[in-house]
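Below: one structure, written as C-alpha cells.
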Amino acid sequence: MTTTIENPLLDFTGLPRFDAIKPEHVTPAIDELLVQAGAVVKKLETAQEPVTWNSFNELEDAGERAGRAWGIVGHLNNVVDTPELRAVYNENQPKVTEFWTEVSQNEVLFAKYKELRASAEFATLSPARQRIVDNAIRDFRMGGAELPQAQKERFAAIQEEHAAVSTRFSENVLDATNDWKLLVESEAELAGLPDDVKAAAKALAEKDGKQGWLFTLHFPSYYPILQFADSRALREKVYRANATKASELGEVFSEREKWDNSGNIVTLLKLRAEEAQLLGYKNFAEVSLVPKMAQSPEHVIAFLEDLAKRARPYAEKDLAELTAFAHQHLALTNLQAWDLPYASEKLQQHQYAFSAQEVKQYFPEHKVVDGLFKLVQSLFGVTIAPDDAPVWHKDVRFFRIERDGQLVGQFYLDLYARPGKNSGAWMDDARSRRVDSGRLQTPVAYLTCNFTEPAVIDGKAQPALFTHDEVITLFHEFGHGLHHMLTTVEELGVSGIAGVEWDAVELPSQFMENFCWEWDVLAHMTSHVKTGEPLPRALYDKMLAAKNFQSGLQTLRQVEFSLLDMHLHYDYEPASGKAVQEVIDDVRRKFSVIVPPAFNRFQNSFGHIFAGGYAAGYYSYKWAEVLSADAYAAFEEAAQLDGGKLSTATGEKFLREILSVGGSRPALESFTAFRGREPQIDALLRHSGMAA
Ligand SMILES: [Zn+2]
C-alpha cells in the first residue's frame, strides 16, 4: 500500500516527478483523488448557506488535482507507452470519465451556479469569474439540465441513440474500407507508381498469402494509385470503390447492405433536429454555434458564400490550366474525377518541382529551434532559457520563459519519434496559470512532436534535419504553447486555452505558421548542414509556389464541404423526405467548379460531421485560417510602415489582446481589440495567392 506522502502522483508542490512516477502509483492516486473530489461535491450539494463565488473553491482545487494527476498519466501513456502503463491507464479511464460526466449532469450543482448568477455578488465579480459562471450554466443548459422530467428522459435517449448511430457510422466506414481489396497480378498495370508504394502493396499481398500487389481503401494504399498510376482504368476502379464506400452503391464483397450509411445519416440528422427543438432552438446549426465564436448560422453561411465567390475565378483558372496541361502533356481529354489527382501531380512536378530532401538540408534542429526562440523573444518581449526538471526520456528538454526577470511559464520539448510514442504533434498542459489566495501558479506545457532523430554517421552524431512541414508543425504547436503559457488570467477556468471558443483555438497556432513562410525569418533560421549557407531565394520561391498550387480549387472544395454541412443542419428537414443527396447537389450547382460523378457518395464516409464533433462546425477550419491570416496581416502592415522590420509594438498588442486574455472574454472581442475591426478574408486570399 502506497501512502499519500510516498505517492509522487499525489505531490502537487512542484513539477511532475517523472523520475519517480511508476505504473503502480496510478490506481491508488486516482482512487484517492476521485474520493476527495467526490466528497467535495457531496459537501457542496448538502451545504445550506447561500452560494458565493468561494463556495466553488474547494471543487475547483479538487478538480484541478485530479485533472493534473490524470493529465500526467495520460501524457506518459502518449509518450512512453508500456504494457504496464497502458493497463493501468485503461483500468482507470472509465472511473475518471464517469466522475466528470456525473459532475456535468449534477442538478444540485447546476442550481448552485444559477443561484450565484442571480445573487447580488455576481455583479461584483471580475469579468473572468462572470464568464466562468456563465459558461458553466451554458454547459448544463445545453446538456439538457433545464428540461422538464419527461423531456429530460427523451433528451438522454436522443444522446444515447445518437452515440450508438455515430459509432455504427464509423464502424461501417471502417468495415467497408477493410473489406475492399484489389489484387493486381501484373506489374505492367502498376506503371507510374513509386517503388515504395509497390513494395508496400507487395508485402500486403504476401501477408495475405497471395502473389502480386494488394491494395485497400486505406488512404496510404489507394491514394498513390489516383496520384501516380498511368492506367486510367485502374484509377477509375479505385476512385469508384472509394467514392461509393459505405453507400448503397458500395463495392464490397460481403454484407453490403449492412454497411450502407444512408439511413444512419438521416437518423443522425433527425436526432439532431429533435435535440435542437427540445433545447428551444430553430435548428441544430444554432445549437452547434452556442459555444463557438461565430455569431449565427446565417453569418457562417454568408462568410462561406463570400469566400466561394472570391475563390471561384481562381478555381476556374486552376481547372483551365489543368485541363490544358492534361490535354497537351498527358493526352488526356475529357478530364474525369479519377484523372484529377494524377494530372495535378504531373502538373505540379512540371511547374514547381523541388526536392523536399534538398530543402531539409537547410533546416538543422539547432538553427530552427534558435530561430523560433529568437522570434518569440523579440515579438513578445520574453526570454527563453534552458531549465531543470525531471523528464520521461533523455531526449526531452525543459525551458523557462521569463518576462522582466519574472518566471512566466515553462515547457518540455520532446521532438523525436521513438517506439512507444504516439504519432503526430500536440501541445498539452501540465499545469495552468492561476492565482490562489495571493499565490501565483505559473503554467507548464508539454510540446510533443515526432520528427526524425539525429542520425549517427561513422559514430558521429549529425544534427537532426527537419522538413519544412516539420518546421511548420513546430511553430504551430508552439503557438498553442504560447497561448497556454503567456496568459495573465488568474482564474483556472478561463486561463490560457481554457474557455476559448473552439473555432478560435487555432488562431495563435496557425498565426505562428505564417512566420515559416516569411523570407526574412527563414533567412535567419536556415543554414545548410554542410555549407552553412542560408536557404537560396530561388528554392524559397518554388516552395511558395508549390504551397499555393491549386489554392482556388482547394479553397472551393473546403467551402463546399462546409456549406453542405451547414445546410444539412440549418434548413434541411430530414423528416420532409427530401434526399440528402439533393442538398449536396444544390450546393455543388451553386458553388462548385468541379462536380463529382453522380455515383459519388462521399457523405457516406464523412466522419467529421457524422461521427466526429464537427457537425455544423466543419467551417471552423477555414474560419480559423481567416482569423490567423488576418491577424498576421497586422504584422505585414506594420512592417510596411517600418521599413520591413518585424513590429514589436504589434507583437505586444497581440500578446495583450489575444494571448494573455485567453478565454476570459469572447474571442471576437479579443480579435476586434487587436485588429481594430472584425475579421476580414482578404489576407487569407492574398496569402494563398488569390488576390487581384
Ligand atoms: Zn492546432
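The values are calculated or read from the model by the stated rules, or taken from the named source; none is laboratory data. Given the structure is predicted, the values throughout are model-derived calculations rather than measurements. No Cβ is skipped: glycine too gets one built from the backbone with ideal geometry, and neighbour counts run over all protein chains shown. For the accessible areas, the whole protein counts, side chains as well, though only heavy atoms, and no ligand, DNA or RNA atoms are used. Shrake-Rupley method; radii C 1.70, N 1.55, O 1.52, S 1.80 Å.
Take every DSSP beta bridge whose two residues both sit in the chain, then give the antiparallel share in percent to the nearest 5.
80 percent
Using a 10 angstrom Cβ neighbour count of at most 16 plus a DSSP loop assignment to flag exposed trypsin sites (Lys or Arg not before Pro), which longest range of the chain is free of such sites?
18-209
Can you list the lysines whose alpha carbon is less than 29 Å from that of K360, not counting same-chain residues fewer than 8 positions off?
List returned: K198, K346, K374, K394, K421, K460, K530, K542, K547, K622, K645.
Per residue, how much accessible surface does the stretch 180-259 expose to a 1.4 Å probe? Answer in Å², no decimals.
53 Å²
Determine which aspartates and glutamates satisfy two conditions relative to K152: a Cα distance under 13 Å, and not lying fewer than 8 residues away in the same chain.
E107, E160, E274, E275
What chymotrypsin sites (Phe, Trp or Tyr not before Pro) does the stretch 387-496 have in DSSP loop regions with at most 14 other beta carbons within 10 Å?
Sparse-neighbourhood loop chymotrypsin sites (Phe, Trp or Tyr not before Pro): none present.
Let me know the charge dipole size of the stretch 546-692 about its Cα centre in debye, to the nearest 20, where only the beta-carbon of Lys, Arg (+1) and Asp, Glu (-1) is charged.
260 debye
Explain nothing, just the number: relative contact order of the chain, from Cα pairs under 8 Å at least 6 residues apart, as a whole percent.
Once normalised by length, the contact order is 15 percent.
How large is the accessible surface per residue of the stretch 451-543, computed with a 1.4 Å probe and reported in Å² as a whole number?
40 Å²
Compute the relative contact order of the stretch 8-104 as a whole-number percentage, counting only Cα pairs closer than 8 Å that sit 6 or more residues apart in sequence.
This gives 33 percent for the stretch 8-104.
Are there chymotrypsin sites (Phe, Trp or Tyr not before Pro) in the stretch 550-653 that DSSP marks as loop and that have at most 16 other Cβ atoms within 10 Å, and which are they?
For chymotrypsin sites (Phe, Trp or Tyr not before Pro) across the stretch 550-653 that sit outside H, G, I, E and B with at most 16 neighbouring Cβ atoms in 10 Å, the list reads F599.
May I ask you to compute the full-extension gain from N57 to E206, defined as 0.36 nm times their residue separation minus their alpha-carbon distance, rounded to one decimal in nm?
Using 0.36 nm per residue and subtracting the Cα-Cα distance, I get 47.5 nm.
Roughly how many debye, to the nearest 20, is the charge dipole of the chain about its Cα centre, given +1 on each Lys and Arg Cβ, -1 on each Asp and Glu Cβ, and no other charges?
780 debye
Whole number in Å², please: accessible area per residue of the stretch 10-56, 1.4 Å probe, ligands, DNA and RNA not counted.
Ligands and nucleic acids excluded, the figure is 52 Å² per residue.
Let's see if you can work this out: charge +1 on each Lys and Arg Cβ, -1 on each Asp and Glu Cβ, no other charges. What is the dipole magnitude of the stretch 629-692 about its Cα centre, in debye to the nearest 20?
I would put it at about 100 debye.
Note the full-extension length gain between R656 and K394 as 0.36 nm times their separation in residues minus their Cα-Cα distance, in nm to one decimal.
Gain on stretching R656 to K394: 90.7 nm.
In deg cm²/dmol, rounded to 500, what helix-only [θ] at 222 nm does the chain give when every DSSP H run of at least 4 residues adds -39500 (n - 2.57) and the total is split over its residues?
It lands at -18000 deg cm²/dmol.
Any lysines with Cα under 23 Å of the K578 Cα? List them, leaving off those in the same chain fewer than 8 positions away.
Reachable lysines: K245, K258, K270, K282, K590.
Which percent of the accessible heavy-atom area of the chain goes to carbon and sulfur, probe 1.4 angstrom?
Percent of accessible area from carbon and sulfur atoms in the chain: 52.
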